[in-house]
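See structure below.
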Amino acid sequence: MLNVQEVLETALSRLLKVPVTIIGCGRTDAQVHASQFFFHMDVEKEWKFDLFFRLNKILPADIAVFDIIPMQGLPHARFDAIQRSYDYFIHTYKDPFLNGFSAYYPEKSLDIEEMQAAIALLTRYDDYKAFCKSPDRNEHTICKVSSAGLLVYENGDKLHFQISANRFLGKMVRIIMGRLLDIGRGKLSVEQFEYYLANKETPPIITPAYPQGLYLSKVTYPYLDLQPHTTFVKLLQNNR
């Protein structure tokens, strides 16, 4: 099965009739969604047709291009990003219409206050070695989290976790979400959660939350700050 990058490169190469390599703003795990995602490509010769229309016409139904923006200089989709934001959605009852778009956890009595107390700690620390599956593969594990919060919808059966930072480590958001669920279940205390953060200690067992609930929802650059086009994340937010 081709990944998103391979699908885009194949489609662009077909339309432009030259081999095309793209650089994305980051990598996502299988089954993780992106409601906003940027990539850049270098093209020597300008095309003389509606690339936007033709590209969307041949791309599969689950991939859409919303903008093609000419850039000056040497912008880099990955390294120039100054902030990324993620949303993570959970539903606690079985719903076929949410299958694949939100993570299903049949939890009856999560301790929301304790989960929110742990989330409040995230902006106070900037080393996330404790929430990285393979910290030694990174040059460093410093991540500056600018905001984080948890929304609980009115009837209590849907949760929405939001987090923004200048960078994220592999599976970091899913690992944090897994730890928060452990806190909600009473299997991990807020003090233990902070201990791992403060001491930069990786827990002996790390279980990331399911990938289906995670969305890369916004990427910001010093020269480009666009609102996401898709309304799907908003639909999940408003489906209370």
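Key figures for this structure:
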| item | result |
| --- | --- |
| Nitroxide proxy distance, nm - points 7 Å out along Cα→Cβ at PHE79 and ALA117 | 4.4 |
| Selected from GLN162, GLN192, GLN83 as most flexible by GNM, with the chain as the system and alpha-carbon contacts under 10 Å | GLN192 |
| log₁₀ of I(q)/I(0) at q = 0.09, 0.13 Å⁻¹ - the chain, Debye sum with one point per alpha carbon | -0.43, -0.85 |
| Max mean-square fluctuation residue, GNM over the chain, Cα-Cα springs under 10 Å, options ASP87, ASP29, ASP126 | ASP29 |
| Convex hull (Cα only) mean projected area of region 67-109, reported in nm² to one decimal | 5.6 |
| Computed magnitude of the charge dipole of the chain (debye, nearest 20; Cβ of K, R +1, Cβ of D, E -1) | 400 |
| Packing-based order for 70-79, 177-186, using average beta carbon neighbours within 10 Å, highest first | 177-186, 70-79 |
| Solvent-accessible area per residue, Å², over region 119-219 with all protein chains present [probe radius 1.4 Å] | 45 |
| Cα centroid separation, region 132-156 to region 58-98 (Å) | 17 |
| Helix 190-199 vs. the chain, principal-axis angle (Cα, 0 to 90°, nearest 10) | 60 |
| Whole-number percent relative contact order across the chain, with pairs defined as alpha carbons under 8 Å at least 6 apart | 27 |
| Space enclosed by the convex hull of the alpha-carbon atoms of region 120-240, per residue, Å³ | 124 |
| The chain: calculated mean residue ellipticity at 222 nm from DSSP helix runs of at least 4, using -39500 (n - 2.57) | -7500 deg cm²/dmol |
| Kirkwood Rh, angstrom, region 16-126 [1 / mean 1/r, Cα pairs] | 18.3 |
| Options TYR128, ASN199, ASN3, ranked by Cα towards positive dipole end of the chain, top entry (Cβ charges) | ASN3 |
| Zone of GLU6's modelled label, taken as backbone nitrogen in region 42-61 under 20 Å from a point 7 Å along Cα→Cβ | 58-61 |
| Amide H within-cut-off set for SER147, under 5 Å, with H built and near neighbours excluded | SER164 |
| Protein accessible area in the chain, 1.4 Å probe - carbon and sulfur % | 50 |
| Residue-wise HN-Hα coupling along region 46-53, computed from phi with Karplus coefficients 6.51, -1.76, 1.60 (Hz; x: Gly, Pro) | 6, 7, 10, 8, 7, 5, 4, 5 |
| Positive-end residue, the chain charge dipole about Cα centroid, Cβ charges, pick of SER164, SER217, ILE112 | SER217 |
| Computed Kirkwood radius, in angstrom, where 1/r is averaged over Cα pairs of region 84-163 | 14.4 |
| The chain: angle of helix 4-16 to the longest principal axis, Cα-based, in degrees nearest 10 | 10 |
| Proximal charge balance of LEU224 [Cβ under 12 Å; K/R count +1, D/E count -1] | -2 |
| Assigned charges on the beta-carbon of Lys, Arg, Asp, Glu; region 14-133 dipole about Cα centre (debye) | 600 |
| Accessible heavy-atom area order of ILE206, ILE82, highest first, probe of 1.4 Å | ILE82, ILE206 |
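The values are calculated or read from the model by the stated rules, or taken from the named source; none is laboratory data. This one's a predicted model, so the numbers in the text were calculated from it and none came from an experiment. Using ideal geometry, Cβ is built from the backbone for each residue, glycine included, and neighbour counts are taken over all protein chains shown. Side chains are part of the model used for accessible areas, which takes the heavy atoms of the whole protein and leaves out ligands, DNA and RNA. Shrake-Rupley method; radii C 1.70, N 1.55, O 1.52, S 1.80 Å.
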